[in-house]
């Protein structure tokens, strides 16, 4: 496993994982004792390890307005922040009048993690709606382009850029959907595995299918909910999963992450769970205490940060939005960063879609369409005290 994710400071570990105490994290975690006091569903009584909130974090070039986003990551080479915004679009998808096709400014940013200064800005003219992002161990930036344009010339692809913005590789057929190994159909996220293999979570529509009939009809239409694996050179290897509720099936596999053991974590948003696989797609286990998850980040210390941006009174009653924190060995939330308040989500609030954690334990949220207005900008920084 590469050292892609930065370790948290001891102080942060003490705040977020109360069962460990201060000092080094043990290899094994007991799930029988020292459980966090508090309600992981509502967030009541949960500790908040990152209480200092900086809204509208990061510089934006003159004349531009922040659009929504769902992707943010840490560059493992220098520790800085890499994310994107949707070229001023508050919403996303086909039919939105403002997008990265109609407004082809550079959507991808690299920020100095200390100051928010823009260090690089690139990717203009290539995409329609960026969605998932990953920075690999060499500092290359991978971005999924989720939706197609009206002309069928952009979208439904995965792009690889060098650290300075040179386009190195594109997977999928521009603007064309499909369920075979040569096409994507709304690619949500991408991540490079420990051996250099490329994993893509594909298919966004399943989360709205709430009956067996709806899922059956979706599968018949060719809607996807799958994980696709490629060799480092982009050669398709295999895929697994379909729209469904059984283990190994998904209703919108929205985010991907690897832990230190090389296991692939999939945020199965529509099924309100995380599914864990080996690198060949064999199902291992699940997690159910993190909410309706949009984004995942796992540190080198194997602390899980899962951001819930979608729980609402109609699709996941009672579950509060925010960033839940736990350890990979447990299905227990140890701490929670609360959301912004939102009037039409009484008691539940609103939070971003993407999440990343820097080497000092500061947490960064990428604000999606649900939270952009409340957050005041595309990125929010939650600092440790």
Problem set entry | Sole exception among (1) assigned to a helix (DSSP H, G or I); (2) within 18 Å of residue 281 (Cβ to Cβ) for residue 220, by number | (2)
Exercise. Quick check: is even one residue across the stretch 296-307 touching a strand residue (DSSP E or B) at 6+ places or on another chain (Cβ under 7 Å), at pLDDT below 95 and under 13 Å from residue 368 (Cβ atoms)?
Worked result: no
Seminar exercise, completed: Per the filter on the stretch 350-366, residues within 19 Å of the chain's Cα centre (by Cα) and over 19 Å from residue 134 (Cβ atoms) are 350, 351, 361, 362
Problem set entry | Residue that is farthest from residue 73 (Cα to Cα), among those in the stretch 300-322 that are surrounded by 24 or more Cβ atoms within 10 Å (Cβ to Cβ) and in contact (Cβ under 8 Å) with a residue 60 or more places away in the chain | 320
For this session: Give me the pairs, please: first residue somewhere in the stretch 195-223 and at positive phi and surrounded by fewer than 12 Cβ atoms within 10 Å (Cβ to Cβ), second residue anywhere and at pLDDT 95 or above and part of a helix (DSSP H, G or I), beta-carbon distance under 6 Å, and either six or more positions apart or on two chains.
Result: none
Exercise. Looking at residue 90, is it at pLDDT below 85, in contact with a helix residue (DSSP H, G or I) (Cβ under 9 Å, 6 or more places away or on another chain) and over 29 Å from residue 334 (Cβ atoms)?
Worked result: yes
Seminar exercise, completed: Apart from one, (1) under 18 Å from residue 198 (Cβ atoms); (2) in contact with a strand residue (DSSP E or B) (Cβ under 9 Å, 6 or more places away or on another chain) all hold for residue 262; the odd one out is (2)
Seminar exercise, completed: Scanning the stretch 278-300 residue by residue, those assigned to a strand (DSSP E or B) and more than 17 Å from the chain's Cα centre (by Cα) turn out to be 283, 284, 285, 286
For this session: With respect to residue 262, determine if the residue is surrounded by fewer than 24 Cβ atoms within 10 Å (Cβ to Cβ) and outside any strand (DSSP E or B).
Result: yes
Problem set entry | Residues of the stretch 334-347 satisfying the condition of being surrounded by fewer than 24 Cβ atoms within 10 Å (Cβ to Cβ) and assigned to a loop (DSSP other than H, G, I, E, B) | 338, 341, 342, 343, 344, 345, 346, 347
Exercise. Can you tell me which residue in the stretch 131-165 is farthest from residue 295 (Cα to Cα), limited to those that are free of Cβ contacts under 8 Å to residues at least 24 places away in the same chain and in a loop (DSSP other than H, G, I, E, B)?
Worked result: 153
Seminar exercise, completed: Note on the stretch 330-365: residues free of Cβ contacts under 8 Å to residues at least 40 places away in the same chain and at positive phi are 349
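The values are calculated or read from the model by the stated rules, or taken from the named source; none is laboratory data. Values in this document were obtained by computation on a predicted structure and should not be read as measured data. Note that we place each Cβ from the backbone using ideal geometry, even for glycine, and neighbour counts take in every protein chain shown.
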